[in-house]
Amino acid sequence: SVNCEFAPTEQLVAAIRASVRRGLAALAAPVPMTCSEWADKHYVLSAESSYVEQHWRTWPFQRAILDCMGCDDVRTVVMRKPARVGYTKMFGAAVGYFAQHKRRNQLVYQPTDDDAEDWVKTELDTMLRDVPIMSTVFSTVARRSKENTLLQKSFLGSKLKVRGGKAAKNFRRHTSDVVYLDELDGFDRDIEKEGSPVKLSGKRLEGALFPKHIMGSTPKLQGHSLIDEEFDKTRQRFKFYVPCPHCQHMQPLEWGGKTEPHGFKWARGKPETVEHLCVRCGVGSTQADYLNSWHLGRWISQDGITCTPGPRFFKRDGTEIPPPESVGFELWTAYSPQATWASIVEEFLEALRLK
């Protein structure tokens with residue numbers, strides 16, 4: 001017989017069951033999601049590193065890039081980019097995705113030790129604080145663990161390390177599933193005479209079941225740019241094509257140049273009149289036209305391969321093909337909704353005046 005004096009109440013049983021469910025939830029396999037889906041559902045722009053604190057919303061040209069970052073079949077992702085296209089935030093979203101969704105060990109390299117510490121304080125720590133789902137792998141208790149320092153975080157099922165790229169020792173004795181090189185052109189070309197940062201960081205992936213090498217940078221000196229070299233090595237190199245609002249011809253946004261009939265054109269002395277002239281029909285479109293149709297844009301490679309979110313890759317005839325092992329994405333500031341076309345023209349004219 002049961003002594004009713006010590007029998008648990010229904011409320012106590014319910015509380016125990018709820019506690020067990022919470023504990024087991026962290027160990028459950030998550031429903032598969034692409035990196036962009038994860039970002040749209042969970043990612044948050046923190047006040048310390050964004051103009052406005054708000055929930056993340058993936059821009060059309062960012063979606064396929066994020067999905068390639070998160071795809072196990074794509075081993076190398078190279079992004080040649082300007083400022084204001086959201087690369088730093090995409091990079092941060094990928095870190096959260098691999099830590100929470102895929103439980104992969106990660107290694108982030110910044111050009112210097114100071115850069116590494118600054119990135120942790122402004123991007124990583126704020127993401128761990130403000131993205132609620134990260135608490136399932138980085139709890140309040142974990143934050144106080146001696147295994148968690150400024151440059152190393154221990155998550156449930158994985159670790160993240162952050163290092164500066166000046167010292168060769170920082171490229172030794174680490175193994176990882178995902179390695180990032182942020183602002184690659186800020187690194188020394190030869191790290192203490194032991195090799196390039198790409199070569200040294202790539203060795204940290206040896207033995208990984210799904211190795212992932214992600215690197216991005218704004219190019220610096222033409223002919224001496226590491227990001228240019230790595231971009232040119234990728235199997236497929238993509239530009240973002242958008243439809244002309246007048247003839248629907250798909251084309252990338254291009255500067256064009258003084259002697260070219262297409263690209264950016266404006267009335268002399270009036271940057272606010274700038275339009276993008278179509279390479280086919282020659283009719284101009286405004287930045288508002290572009291933003292009204294950018295959701296119809298597609299990433300198209302030099303070989304005519306189209307990359308869509310997922311990611312999925314298609315030949316010109318619509319035949320789907322396996323993902324390439326390495327992909328490169330190229331953007332410039334005109335694609336960003338955070339930079340006006342008029343301001344780009346103004347910067348160009350100012351640069352001419354200073355010559």
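Details
- Selection status of Gln338, open to solvent by 20 Å² or more (accessible area, probe 1.4 Å), modelled with pLDDT under 95 and within 25 Å of the chain's Cα centre (by Cα): yes
- Condition check for Pro82: farther than 23 Å from Ser135 by Cα, surrounded by 10 or more Cβ atoms within 10 Å (Cβ to Cβ) and modelled with pLDDT under 95: yes
- Scope the stretch 157-176; condition outside any strand (DSSP E or B) and either on the phi > 0 side of the Ramachandran plot or open to solvent by 60 Å² or more (accessible area, probe 1.4 Å) (or both); matching residues: Gly157, Lys166, Lys169, Arg172, Arg173, Thr175
- Within the stretch 112-132, considering residues that are of a type in the set (A, V, I, L, M) and in contact with a Leu (Cβ under 9 Å, 6 or more places away or on another chain), the one farthest from Ser46 (Cα to Cα): Ala116
- You will find that of Thr88, Thr112, the residue that is in contact with a strand residue (DSSP E or B) (Cβ under 7 Å, 6 or more places away or on another chain) and open to solvent by 10 Å² or more (accessible area, probe 1.4 Å) is Thr112 and no other.
- Elements of type strands (runs of 3 or more DSSP E) contained in the stretch 248-340, each with 3 or more residues being of a type outside the set (A, V, I, L, M) and within 22 Å of Val77 (Cα to Cα): 298-301, 306-308, 312-314, 326-330
- Yes/no for Lys166 being among the basic types (Lys, Arg) and modelled with pLDDT of 95 or more: yes
- Of all residues in the stretch 189-209, those satisfying the criterion of being open to solvent by 80 Å² or more (accessible area, probe 1.4 Å), in a loop (DSSP other than H, G, I, E, B) and closer than 15 Å to Asp177 by Cα are Glu206, Gly207, Leu209.
The values are calculated or read from the model by the stated rules, or taken from the named source; none is laboratory data. Please read all numbers here as calculations on a predicted model, not as lab measurements. Neighbour counts run over all protein chains shown; Cβ positions are idealised from the backbone, glycine included. For the accessible areas, the whole protein counts, side chains as well, though only heavy atoms, and no ligand, DNA or RNA atoms are used. Shrake-Rupley method; radii C 1.70, N 1.55, O 1.52, S 1.80 Å.
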